[in-house]
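Data first, discussion second: the structure below is written as structure tokens.
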Amino acid sequence: MPSDLADVLHYFLPEVGEPGALDAAARRKRSDRRDPQEPKRIASLPLVAIPIGDQDVVRAAFAWNLAVETARLGGRAAVVAPASDDTSSLWPGHGVEPMGADVILTPAANLAALYRDALDVAVDRALDADDGGIVFVRVPPLWLRNPESGNSLLRWTLLFTSSDNRDLLETYGLAKLLCRPGSRASRLGVTIHGARRIEEAETAFHRLASCATRYLGRELTSYGLLVDDLHVYRAIVAQRPIGLVNPQSAAARSLRDVAELVLEDARKTAVV
Amino acid sequence: MLARPPLSDLSYIAARPRSELIAALRHRAARLDPSLRILAQDLLAADTTIDLVAVDASGRLILVMVGNVDEDLALLTRALAQRAWVAPRVRDWLQLAPALGLRLDAPVKLSLLAPSFRPETLAAAGVLGAEVVELSTYRWVQTSVGVGVLIEGLDAPRIGRHPGSVYPEQGDTGPQNPAPRVSPAPSPILTPLDPAEHPGARATPPGLLEPRRRESAARFRTGLSEEDLNLTAKETREFE
């Protein structure tokens, strides 16, 4: 399991061979951490909760694109989100399901209901998930103010943040909210987006991780970084997956790497 | 900008150069809402310039425009024209500068400042709604520590409902006109006030130097506030 950015820095190096492929050393490192036993048939795909504001088109796009990349890597993937008129612009239109990664809108009005609906999807998709998969769940951040009823949904959370101070403060605050007494949050993942240099992303993650350790007594898990470039925003506007629109771009490669990290952990976490 | 001097030491003064006003607005914006980012100043748009272009924490674009005395109605008209010019260009701006974090689905908002707003301007703004335009008045003031700008946002109920101006016109004492927030109601023309002739000008209500803080000032992109996240001062300082 990656615990810092050192595991993912390789993708900034010139790639040799297949685009998006990991270098040999990194592959060996990852395969060494895999469970040597054959995976058992899973009963339910893992749920990854992602707090996304009602108007946060960028984070919603990241979540959807992660689902698409997960599917491209061979896993089953879906995004579950509460249906709301205010958030209809967050997701691609009906019928847009690249690689079978679709967005499922539910009438859930609270965390408990959202958890039940997401679990239904997770169990359903596990039936033919021979190579694992993930159900990403969009959680309205305002619902986190009263998480007690839907604690189980928040066991594994992925937070997207830029290296901007205000964003980092907000992300730290979300981590604090998720770690309140009685919380079941056991894995807090962080992906840095928009970094212009590796060092910037490293610094941002370590600032967060350091504060989480010192003030919350919790460890954060790094899930790499996403490179924002023009292709990301064009893809968002066009509502097409980044990995399909421009698979050779740094943005697509970084997205694939993040998806690999998350899927790897999901395969170890799946309920059997 | 302004420390908190004794209220008795405050008096209204004549308007200062426009450049000083814009600089004061930039400083005040940063203090009131740390998440508000000023992107540009004097941006040439539809025939004229936009004083300030900013983006708030949620990625919404805000156009700040300042008018002089008796220019409030023209200011609103000009602002609407600028907004119409900017709105279809946000997508292009996002392509050119993705790091701005602009939201394509958020309507461009206007923030207009003038010494006063007449009833028809208030009524017009009321029709447009708070999501489109917010109005604030500004006054130059002299205190024991220096000169500054007093900015007061107009509450939504005062826009479009009350027929009276925030600052009643001279001789207008109709009961339908609401009492201004600053007492006594100053003339809309800013002139140095002689204390001997205008002793009332030194009587200022409590909270004058603390402009109404907009609720959105402390909210993050997620809509949660610092209070929701229970952040301590020490934790906050870690990310400054």
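The values are calculated or read from the model by the stated rules, or taken from the named source; none is laboratory data. Only a predicted model underlies this, so the values are computations on that prediction, with no experimental measurement involved. When we count neighbours, we look across all protein chains shown, and the Cβ atoms used for this are built from the backbone with ideal geometry, even at glycine.
Of the residues B:Leu100, B:Leu94, B:Leu75, the single one that is of a type in the set (A, V, I, L, M, F, W, C) and under 20 Å from B:Arg219 (Cβ atoms) is B:Leu100.
Taking every residue in the range B:41-65 that is over 22 Å from B:Arg219 (Cα atoms) and pairing it with any residue that is of a type in the set (Gly, Ala, Ser) and crowded, with 20+ Cβ neighbours inside 10 Å, at least 6 positions away or on another chain, the pairs with Cβ-Cβ distances below 9 Å are B:Ile50/B:Ala79; B:Met65/B:Ala79; B:Met65/B:Ser111.
Taking the criterion of being over 24 Å from A:Glu264 (Cβ atoms) and in contact with a Ser or Thr (Cβ under 7 Å, 6 or more places away or on another chain), would at least one residue in the range A:130-140 satisfy it? Full working, then the answer.
Of the residues in the range A:130-140, the ones over 24 Å from A:Glu264 (Cβ atoms) are A:140.
Next cut, in contact with a Ser or Thr (Cβ under 7 Å, 6 or more places away or on another chain) only: none.
Within the range A:130-140, not a single residue is over 24 Å from A:Glu264 (Cβ atoms) and in contact with a Ser or Thr (Cβ under 7 Å, 6 or more places away or on another chain).
Tell me, yes or no, whether the range A:159-171 has at least one residue that is of a type in the set (Phe, Trp, Tyr) and within 21 Å of A:Glu260 (Cα to Cα). There is at least one residue in the range A:159-171 that is of a type in the set (Phe, Trp, Tyr) and within 21 Å of A:Glu260 (Cα to Cα).
Conditions tested, residue by residue: (1) away from every other protein chain (no Cβ under 14 Å); (2) hydrophobic (A, V, I, L, M, F, W, C); (3) under 26 Å from B:Arg37 (Cβ atoms); (4) assigned to a strand (DSSP E or B).
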{"position": "B:Ala99", "(1), (2), (3), (4)": "no, yes, yes, no"}
{"position": "B:Ser116", "(1), (2), (3), (4)": "yes, no, no, no"}
{"position": "B:Glu120", "(1), (2), (3), (4)": "yes, no, no, no"}
{"position": "B:Gly126", "(1), (2), (3), (4)": "yes, no, no, no"}
{"position": "B:Gln142", "(1), (2), (3), (4)": "yes, no, no, yes"}
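Scanning the range A:116-170 for residues that are within 10 Å of chain B (Cβ to nearest Cβ) and part of a helix (DSSP H, G or I) turns up A:Pro141, A:Leu142, A:Leu144, A:Arg145, A:Asn165, A:Arg166, A:Asp167, A:Leu168, A:Leu169, A:Glu170. From the residues in the range B:217-240 that are in contact with a helix residue (DSSP H, G or I) (Cβ under 7 Å, 6 or more places away or on another chain) and of a type in the set (Gly, Ala, Ser), which one is nearest to the other protein chains (Cβ to nearest Cβ)? Going through the qualifying residues, I end up with B:Gly223.
Considering the range A:122-168, and only residues there that are small (Gly, Ala, Ser) and surrounded by fewer than 18 Cβ atoms within 10 Å (Cβ to Cβ), the residue that is modelled with the highest pLDDT turns out to be A:Ser152.
Answer yes or no: is there a residue in the range B:68-88 that is free of Cβ contacts under 8 Å to residues at least 12 places away in the same chain and within 14 Å of chain A (Cβ to nearest Cβ). Looking for residues that are free of Cβ contacts under 8 Å to residues at least 12 places away in the same chain and within 14 Å of chain A (Cβ to nearest Cβ), one finds at least one in the range B:68-88, hence yes.
Looking across the range A:171-185, the residues that are in a loop (DSSP other than H, G, I, E, B) and not hydrophobic (A, V, I, L, M, F, W, C) come down to A:Arg180, A:Pro181, A:Gly182, A:Ser183, A:Arg184.
Please go through the range A:171-192 and give me each residue that is among the charged types (D, E, K, R) and away from chain B (no Cβ under 13 Å), ordered by number. A:Arg184, A:Arg187 - these are the residues of the range A:171-192 that are among the charged types (D, E, K, R) and away from chain B (no Cβ under 13 Å). A single member of B:Leu104, B:Leu96, B:Leu112, B:Leu63 is surrounded by fewer than 20 Cβ atoms within 10 Å (Cβ to Cβ) and in contact with a helix residue (DSSP H, G or I) (Cβ under 7 Å, 6 or more places away or on another chain), and it is B:Leu104. Given the structure, is A:Arg196 crowded, with 17+ Cβ neighbours inside 10 Å, within 14 Å of chain B (Cβ to nearest Cβ), free of Cβ contacts under 8 Å to residues at least 12 places away in the same chain and under 23 Å from B:Ser35 (Cα atoms)? In short, no.
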